[in-house]
Amino acid sequence: MSTIQSSCAYCGVGCGVSVSSTQADWDHTDVSSLTLVGDNQHPANHGHLCAKGERLLDSLVQPNVLRYPVLRSGKPINWDEASSLIADKFAQTIAQHGPNSVALYLSGQLLTEDYYVANKFAKGYLKTANVDTNSRLCMSSAVSAMQRAFGEDVVPGCYDDIEQAEVIVLIGANTAWTHPVLFQRMLAAKRANNTKIVVVDPVATATAKQADMHIAITPGADLALFHGLLGYLAHNNHVDKDYIAAHTEGFDETVVHAKQLSEDINQLAKQVGVSATTLNQFYQLFIQHKHVLTASCQGVNQSVIGTDTTNAIINCHLALGYVGKTGSGFFSLTGQPNAMGGREVGGLATQLACHMGFADGERELLANFWCVDSVADKKGLAAVDMFDAVADGRIKAIWIMGTNPVVSLPNSSKVAKALADCPFVVVSEITPDSDTAKLADVLLPAQGWSEKCGTVTNSERTITRQRGFIAAKGQSKADWWAISQVAQKMGFAGFDFANSASVFREFAALSAKVKQAFPHKVFDLSGLQHLSDSEYDHLAPTQWPIATAEQIGQRGGRQFTRGVFATPTGKAQFIRPALAKTNEASSPHVQVIVNSGRSRDQWHTMTRTGHIASLRASIPEPVIRLHPNMLATFSVSDGDLVTLESDVHTAASPVALARVVTDPDLLPHMVFMSMHWSKQFSLGMGVNQFLDNRVDPVSLQPGFKFQTAVIKPIHLALQGVVFGHHDPAAQGLCWQVAQTLTSGICHHIGFRSAQDGFAFQASAHSLLWSANVNGQRVHVQCNMEKGIAIAIKILSSARVDLALEPMNAFIGQSVDKSFIKKLHQQINAGNSPLICACTGVTDAQIADEMNAQFDQQSFHDGKQHVQFDKALDAMQSSLGCGRQCGSCHSEVTQCAQQHWQQALTYIDAEYSTEEDVA
Ligand SMILES: Nc1nc2c(c(=O)[nH]1)N[C@H]1C(S)=C(S)[C@@H](COP(=O)(O)OP(=O)(O)OC[C@H]3O[C@@H](n4cnc5c(=O)[nH]c(N)nc54)[C@H](O)[C@@H]3O)O[C@H]1N2
Ligand SMILES: Nc1nc2c(c(=O)[nH]1)N[C@H]1C(S)=C(S)[C@@H](COP(=O)(O)OP(=O)(O)OC[C@H]3O[C@@H](n4cnc5c(=O)[nH]c(N)nc54)[C@H](O)[C@@H]3O)O[C@H]1N2
Ligand code: SF4
Ligand SMILES: [Mo]
């Protein structure tokens, strides 16, 4: 048995994984001979993983992997042809229209080596800074705020602060689902040290439910909340005057405004959306405790006032004098595994490598280092502007790498049209199925996680080696290699890298030069510039700054601890927010605010997790969560299908976007839809087609979380599921969602006209009958070929709840009397929703076990003495649910509570009936 250490492919927690193989030869290992566990040596996770991390190996068994370069016509070509074609097209476009007519759009899921080479290619040789990344949609408000306050994009704290904090405030972060391993660490700190967890989120999320305090904030009011806090601290004389005087600038101007805001606490509380008592309690936490850690994520970043809001949070820590001190200060939770690495190499159009800007001295240093006359002379176009420029023809050739912008950018239909019309689109992907890949003129096969090799940097500045452990499929190549090929074909020197180690060494050497020239910068990889190939291969997780080789494998620790910052004066900056701005509705006809984000078990546009049956089971179809009070306003009921209508998108003949699920955890007037759905999985596509692309003026990050739209019900005559053969282009399909099961794929379908529904895949060789699911009449059609079931269609007037896996097992069986009887029974049995993805435990199993516990306890101790906590514990011990990765803990508890309550109500009813009879 041999083992390789690597890092998880998903979120910015950056967990280490250990992959073991029973075969000695790693190059030819197939996935089935591998096992994966959390790396207990890794400082980020100490062996823990979440449900997505645990299923990393399943993600490799993809239905459709891209194996060779291919043209839009479908014609495969070889790498030599592909790189020549790209080099020619880019060179011609630049010759005719100038360097800014081309662009690269990258991703926080690329490795640092890929990112470095892409930046060198564009900014150093193509002479354009039109290189942006999906991190613009993700981290740029935090980046801009840290640059403004600290002078550099440097997260001061580290994960160890979690155990040192007395209070952890999570702002706009559903950490229980999105950074699960860190959240488990926070819960452990809560159990061990009584750490208070506070969640600021308009939604009572799974995270909020496990917190000590939930501030159900009015969307966008975080700025008022934290600017008000600064005023409150000043009013109460609870600011560190010495620290402010010695280490900061701009306090006086900022605090004047803050004090005005907090003067009338009742008015402020109203603005924030909480009671004055709650607001006072929240503010007092900052006075009563020294060690308060705040951590923010997309609820803050993805806002048109995201940068000001983040600075308002940082201002409070500066006023308290707590930046870079143990267990306190500001922390930014990064989204993607290498969002931080991308920022280090200058992945954003608004910066150059190693945290440099476009000042003359910085550009000169870079040009000298790369041995070119000059580098790009000004900032390039950021994501949203970049695709606007593609749409209006300013950009004529674009290379998209490791991201799916047709799904993930706001106003996505415009992005799709822009790419369809763009003269030359290159997409580097691991699958040909992504919505963006479908629009590529040249599609390049990239090595994915498990094949590729390089480094990533997580939220706390720790660099971890991502190591390949499977032979690359077909002709797939590292992204840095693909860029280097094209660069060489264009005649550029400096792209003859032998391996990823040589790319990394060059980047670290550049960092050393930058540190030498600008010693106030914190970012420093000098200690890594002389790594040999073998040292690079064996590099242990290392936190930057790394000044000397002796520091390899160590933790660089907290930054700005001595109050010296990376600004020209060395002092941190208070930033006065532009208070005139608010997170206004984009339309005067406010109907609902559309909030969007993540689900627990899926990753982004689902290209890597949509095919994993166990991760698909919890939310099989796209849903829009809606407060129950709003159902009447939109004339919809739970389970109905709807679409949205907004200023940017009014579909002429709309298909259904999502199914309504009522959710009292939301504020009224707010709906939530996940960002995950796309054309690849759902005919209705995703939420981004309805969102406008307004951005924060400083960070240029889109305000995804606050948009307005109208809900439109879509009435279907028939809807249901088809197992086995499916015709996606059939007439009248208005709802179509593909779901991978362990044994195949089924499709959720719907028709506006009953005629179309009955006609769907009608065949002379089919059996037709009706059945009953929970009292609901359904139509069954079983198509056969040579006596074998090839398709089973179930349709009804409303949603049909079926156990999908056992239903699909009937496909491929001989159709005889016993088949029909069993199928009929299976349909009648209906279904129970999945609650825990790790163990596969369903609602029905939890109900059964809770009822059994209830009966047992009431038998022994009497009905008056039953204890929920005891039953919950016994149920979890028996079923194992909620105890593996822990991210579904709150859903398991809620589900158990519901069934417990039912059991109690049932008993009450029994008692009252008995009494009545008596
Ligand atoms: N399961 C899973 N985990 C992931 C990812 C994934 O796709 N799936 N993606 C990763 C990536 S790239 C990222 S960026 C992170 C994102 O991680 P998070 O930011 O934690 O996730 P989101 O669901 O985008 O949004 C967080 C919360 O912001 C809240 N919010 C909306 N408006 C406001 C507001 O005005 N104020 C406040 N305070 N809150 C508001 C939403 O209600 C939501 O609960 O997750 C990472 N982890
Ligand atoms: N409405 C709404 N929209 C959002 C958000 C939101 O909260 N709400 N969140 C935004 C945020 S924070 C983010 S980070 C983005 C994420 O959005 P995207 O970046 O568009 O989403 P992914 O699905 O991660 O796309 C990554 C693509 O890269 C491919 N890939 C995987 N590995 C490799 C590789 O090694 N090389 C190459 N070349 N390709 C690879 C995958 O197959 C996949 O298609 O979405 C943003 N969009
Ligand atoms: S928390 Fe989960 S998704 Fe994030 S890095 Fe760790 S295992 Fe991967
Ligand atoms: Mo992100």
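To put it simply, the accessible area of region 506-584 at a 1.4 Å probe is 53 percent carbon and sulfur.
The heavy atoms of I546 offer some 0 square angstrom of accessible surface to a 1.4 angstrom probe. On the principal axes of its alpha-carbon atoms, region 835-917 has extents of 48, 20, 16 Å, going from largest to smallest. Estimated from the Cβ-Cβ distance and a Förster radius of 41 angstrom, the FRET efficiency linking A578 and M1 is about 0.10. Applying the criteria of a DSSP loop state and at most 16 other Cβ atoms within 10 Å to the trypsin sites (Lys or Arg not before Pro) of region 757-816 yields K786. Per the Debye formula on identical point scatterers at the alpha carbon atoms of region 822-862, with no solvent, log10 I(q)/I(0) at q = 0.22, 0.30, 0.35 Å⁻¹ is -0.77, -0.91, -1.01. Label-to-label distance for S534 and R67 is 3.7 nm, based on points extended 7 Å past Cα in the beta-carbon direction. When R55, R363 are compared by accessible area of protein heavy atoms, the largest-first order is R363, R55, using a 1.4 Å probe. Think of the chain as having a plus end and a minus end, set by charges on the Cβ of Lys, Arg, Asp and Glu; of F469, G563, Y322, F469 sits farthest toward the positive end of this dipole.
Considering only G597, S699, G610, the residue lying farthest towards the positive end of the dipole of region 592-714 is G610, judged by Cα position with unit charges set on Cβ. Per residue, the convex hull spanned by the alpha carbons of region 358-436 comes to 122 Å³. Candidates L182, V17, T662 compared by Cα position along the dipole of the chain: farthest toward the positive end lies V17, with charges placed on Cβ. Relative to the current alpha-carbon distance between E785 and S275, full extension at 0.36 nm per residue lengthens the span by 177.0 nm.
Only protein heavy atoms count here; on that basis, with a 1.4 Å probe, E253 has an accessible area of about 110 Å².
Projected label points at K870 and D373, each 7 Å from Cα along the beta carbon direction, are separated by 8.4 nanometres. Per atom type, region 835-917 shows carbon and sulfur on 48% of its accessible surface, probed at 1.4 Å. Shape analysis of the chain based on the Cα gyration tensor places the equivalent ellipsoid semi-axes at 44, 36, 27 Å, largest first.
Within region 565-693, the proportion of C-alpha pairs whose separation exceeds 18 Å stands at 61%. Over all orientations, region 749-857 has a Cα convex hull whose mean projected area works out to 8.9 square nanometres.
As a calculated quantity, the FRET efficiency between K75 and A493 at R0 = 35 Å, using C-beta atoms, amounts to about 0.65. Evaluate the Debye formula for region 140-332 with equal point scatterers sitting on the alpha carbons, no solvent, and hand back log10 of I(q)/I(0) at q = 0.16 Å⁻¹, in q order, two decimals. Summing over Cα pairs of region 140-332 leads to -0.98. Looking at this model, which pairs from K452/K515; K325/K515; K120/K513; K190/K290 are more than 19 angstrom apart at the alpha-carbon? The answer is K452/K515; K325/K515. The charge dipole of region 412-467, taken about its Cα centre with unit charges on the Cβ of Lys, Arg, Asp and Glu (plus for the first two, minus for the last two), comes to roughly 240 debye.
In a fully extended conformation the segment linking R191 and S743 would gain 194.6 nm over its present Cα-Cα distance, using 0.36 nm per residue. Charge dipole (Cα centre; +1 on Lys/Arg Cβ, -1 on Asp/Glu Cβ; no other charges) of region 642-773 amounts to roughly 120 debye. The charge dipole of the chain, taken about its Cα centre with unit charges on the Cβ atoms of Lys, Arg (+1), Asp and Glu (-1) only, comes to about 1220 debye.
Based on protein heavy atoms only, region 835-917 ends up with 54 Å² per residue of surface accessible to a 1.4 Å probe.
Accessible surface comparison of D647, D441, probe 1.4 Å, protein chains only, largest first: the order is D647, D441.
Rounded to the nearest 5, what % of DSSP beta bridges with both residues in the chain are antiparallel? Around 60 percent of the beta bridges assigned by DSSP in the chain are antiparallel ones.
Only helices enter the 222 nm calculation for the chain: every DSSP H run of n ≥ 4 contributes -39,500 (n - 2.57), and dividing by all residues gives -10000 deg cm²/dmol, rounded to 500.
The values are calculated or read from the model by the stated rules, or taken from the named source; none is laboratory data. Source: prediction; values computed, not measured. Glycine gets a Cβ as well: all are built from the backbone with ideal geometry, and neighbour counts include every protein chain shown. Heads up: the accessible areas ignore ligands, DNA and RNA and are worked out on the full protein's heavy atoms, side chains in. Shrake-Rupley method; radii C 1.70, N 1.55, O 1.52, S 1.80 Å.
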